[in-house]
Each structure stands twice: as structure tokens, then as C-alpha cells.
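The values are calculated or read from the model by the stated rules, or taken from the named source; none is laboratory data. None of the values given here were measured: they were computed from a predicted structure. Here Cβ is always computed from backbone atoms with ideal geometry, including for glycine, and neighbour counts include all displayed protein chains. The protein model used for the area step is the full one, side chains on, heavy atoms only, and it has no ligands, DNA or RNA in it. Shrake-Rupley method; radii C 1.70, N 1.55, O 1.52, S 1.80 Å.
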Amino acid sequence: MTIRFHRDGLVTAANLMAVGTLVVGLLMWAAGSFVFFTDVDRYPWYGKLGILSAAFVVQLSAQRRPAVALGAMGLLVALDAYAGPSLPLWIAVSDVMYIGVVRGSDRLRRVVIVLGVIATVAGAVAGVIAGGARAGVLTGLIGVALLLSPIGYGLSVVATRRAADAQKSAAVAQAQAERSAALADERRRLSRELHDTVAGHVSAIAILSEAARDADEPGPVVESIRGNSLAALRELRAMIDLLAADGDDITTVRWSSLDPLIAAADAVGSTVTVNGDTAGMPRRLEAVVTRIVGEALANATKHAPGHPVAVELSGTGDTVHLTVRNGWTGAEPSTTGQGLANMQIRAESVGGHLDARPVGQEWVVNAELPR
């Protein structure tokens with residue numbers, strides 16, 4: 001179980017070291033090992049109690065104000081120089097320097113590193129001067145243990161934290177990129193759906209409206225306009241229902257959805273012949289075939305009215321072959337529209353491929369789609 005001190009005075013994990021240092025200091029006091037490097041303990045009892053209490057308070061404040069704590073601990077070290085040095089105080093110094101590295105700013109971190117190195121080297125030199133090489137080595141090792149080791153451990157913690165933050169930032173950036181890509185894919189999908197469900201019928205309505213003005217008997221043309229209007233409305237309602245559903249794997253378009261487009265082509269003199277049907281096809285494949293044929297019919301009605309259109313649908317094994325032919329006027333297809341690109345995308349969505357190009361005097365759309 002983790003014990004924690006909160007700001008209201010309850011125990012926190014960060015302050016357990018302060019409590020531990022106080023307890024260790026009291027035990028050293030009781031064992032007669034309060035000071036080191038000297039056999040003479042010049043500390044009065046109230047001095048020991050005061051230095052332990054002051055170090056405890058400084059350690060408690062180090063988490064919130066590491067710079068102030070380091071300054072206060074330096075003052076305690078200066079006061080301790082006459083009667084000490086006392087081992088419990090230097091243990092507290094070790095903890096405060098670690099906190100300064102982990103919790104402090106980059107500037108404070110650099111200051112702590114410099115002070116730790118200077119104190120360790122100065123202590124070793126002073127040991128050599130006062131007691132010879134053996135004392136200098138011992139003092140240097142104590143400096144490494146009490147000052148440089150906590151600094152090194154603190155730097156390791158900082159590096160680990162920064163790596164975790166960088167990884168988290170990278171994960172957030174990746175999630176945002178994936179979200180943006182998903183939104184872009186969804187926008188393109190909606191664009192294709194709107195183009196294939198509405199644009200063909202609206203284009204047919206515009207062409208039929210022109211034909212109705214010049215027709216001697218506009219009744220059949222007007223009826224075709226009405227049929228395409230109702231078909232566009234049904235497609236819009238179906239798309240709205242699909243967007244409101246939990247998933248998008250429900251296909252609403254069927255082979256019979258081509259009837260208004262066939263009627264529109266017939267109304268402007270483009271006789272449509274259909275050989276084959278989608279009986280037995282999976283719903284998703286039926287929807288793809290229907291969308292491709294619907295776009296081909298809309299293009300034929302728009303760009304080559306009056307020319308016959310032939311739709312051939314057949315299956316060989318696990319492959320569905322689709323061909324749509326219509327008379328070609330010689331005009332290059334528009335580069336601004338999305339119709340041809342949408343047909344190719346729909347074919348690729350089921351693992352197939354599609355080719356649309358002029359062949360002689362005809363415009364031919366060929367698609368091979370796996371079942």
C-alpha cells in the first residue's frame with residue numbers, strides 16, 4: 001500500500017524520506033554516531049535536535065520549493081561546519097539535491113550538478129590536506145555516495161520522464177493524424193455517396209428538362225423526370241438513415257435502383273440493353289456493381305444522348321465481369337468530375353479493378369470484380 005502526504009498535512013510518498021532521515025538521525029544520536037571525520041562530538045543536545053528539526057522542515061518544503069530548500073540546506077551545512085559535520089544532515093542534503101534535480105528547472109538542475117561536483121572535489125582535496133591520501137579518497141567516495149549518486153539517479157529519472165512525455169506526445173500526434181485521416185476518408189466517402197446517389201439523378205433531370213421543352217409529347221419525359229426526382233429523394237433518405245445508424249456496413253442500393261436512370265436514358269433516345277443481373281451476389285458486391293453501372297448510364301446520358309447503351313454482366317468462377325458500352329462523340333471526358341475516379345475506387349474497394357476509355361467509336365467501361 002502506498003502512503004502519500006497531501007498538501008493538507010496527510011502523509012505523502014515524497015515526504016517519507018524526510019521522516020526516514022529524522023528517524024535515522026535520532027538513532028545515530030542514540031548510538032553516538034552523529035558526526036563523522038572526528039572523534040569529538042561538539043554538538044550539544046539542543047544543537048542536534050535543532051539541526052535534525054531544521055533539516056526535516058527543509059526536506060518537507062523541497063517538493064514545493066526546491067530552490068529555496070537548497071539555499072536553506074546550504075545555510076545549515078555552513079552552520080554545521082563548526083560542530084560537525086553531522087551525518088544525518090548530509091543524508092538530508094543528498095535527498096534535497098535529488099529533489100532539486102528531479103523537480104527543479106533546467107537552470108536549477110545545472111546549479112545542483114555544479115555544486116555537487118565542486119563539493120565532492122573540494123571535500124576530497126580537503127581530506128588530502130588534512131589527513132593524507134587515504135582521507136582524501138574516503139572523503140571523495142562519501143561525496144560520490146551522498147552527492148553525485150543522487151544527482152545521477154535524478155538525471156536518470158528526468159530522462160525517463162522526458163522520454164515518456166515524448167512518447168505520449170508522439171502518441172497524441174499519431175492519434176490526431178489518424179483522426180484527421182479518418183475524417184478525410186469519411187468526407188471522401190460521403191462525397192462519393194452523394195455523387196453516385198444524387199448527381200446522376202439530378203443530371204438526368206436536367207437533361208430530361210431540356211428534352212421536355214422540345215418534345216411533341218412531353219408526358220413520358222416528364223414522367224421520367226418525376227421518377228428520377230423520387231429516386232434521388234429515396235437515395236437521400238437512405239443515406240441519411242445510413243449516417244444515423246451505428247455502422248456503415250448496411251447497403252441500401254439494389255440493382256432495381258437503376259430503373260430511373262434507364263428510363264432517363266430511354267427518354268433522350270439512348271436505348272439501354274441490359275444482359276445479366278445481380279442475382280446471387282453478396283449485397284456489398286451488388287451495391288458496387290449498381291453504383292458503377294449507374295455512373296456509366298449517367299455519363300452516357302449526359303455526354304452521348306441518343307446513342308445506345310449496352311450493359312453486360314456475367315460471372316466466371318469467382319469473378320464478375322461487367323462491361324458498359326455506349327456511343328462515343330469524340331469529346332474527352334471532363335477532368336473536373338469525380339465519376340470515373342469514383343468508379344475505380346468502388347471497384348478497388350472489393351478487390352477488383354476498372355478501366356474506362358474509348359475503343360473505336362464507343363466508350364467502354366470494363367470491370368472485373370471478385371465475388
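Annotations for the structure displayed:
- Per-residue ³J(HN,Hα) for the range 286-293, Karplus 6.51 cos²θ - 1.76 cosθ + 1.60, θ = phi - 60°, Hz, x for Gly and Pro: 4, 5, 5, 4, 5, 5, 5, 5
- For the peptides 357-367, 312-322, 290-300, residues were scored by their other Cβ atoms within 10 Å and the scores averaged per peptide; the highest-first order is 290-300, 357-367, 312-322.
- Charge tally in the Cβ shell below 12 Å around Pro260, where Lys, Arg are +1 and Asp, Glu are -1, Pro260 excluded: -2
- Other residues with beta-carbon under 15 Å from the beta-carbon of Pro308 carry, at +1 per Lys or Arg and -1 per Asp or Glu, a net charge of -2.
- Working from the Cα coordinates of the range 254-320, the gyration tensor eigenvalues give, after taking √(5λ), semi-axes of 23, 12, 9 Å in decreasing order.
- Shape of the range 24-159, Cα gyration tensor, a/c cut at 1.5: oblate
- The packing ranking, built from the mean of other Cβ atoms within 10 Å per residue, places the peptides 276-287, 145-156 in the order 145-156, 276-287, highest first.
- Accessible area in square angstrom per residue, the range 104-170, 1.4 angstrom probe: 62
- With all protein chains in place and ligands, DNA and RNA left out, the 1.4 Å accessible area ranks Val253, Val137 as Val137, Val253, largest first.
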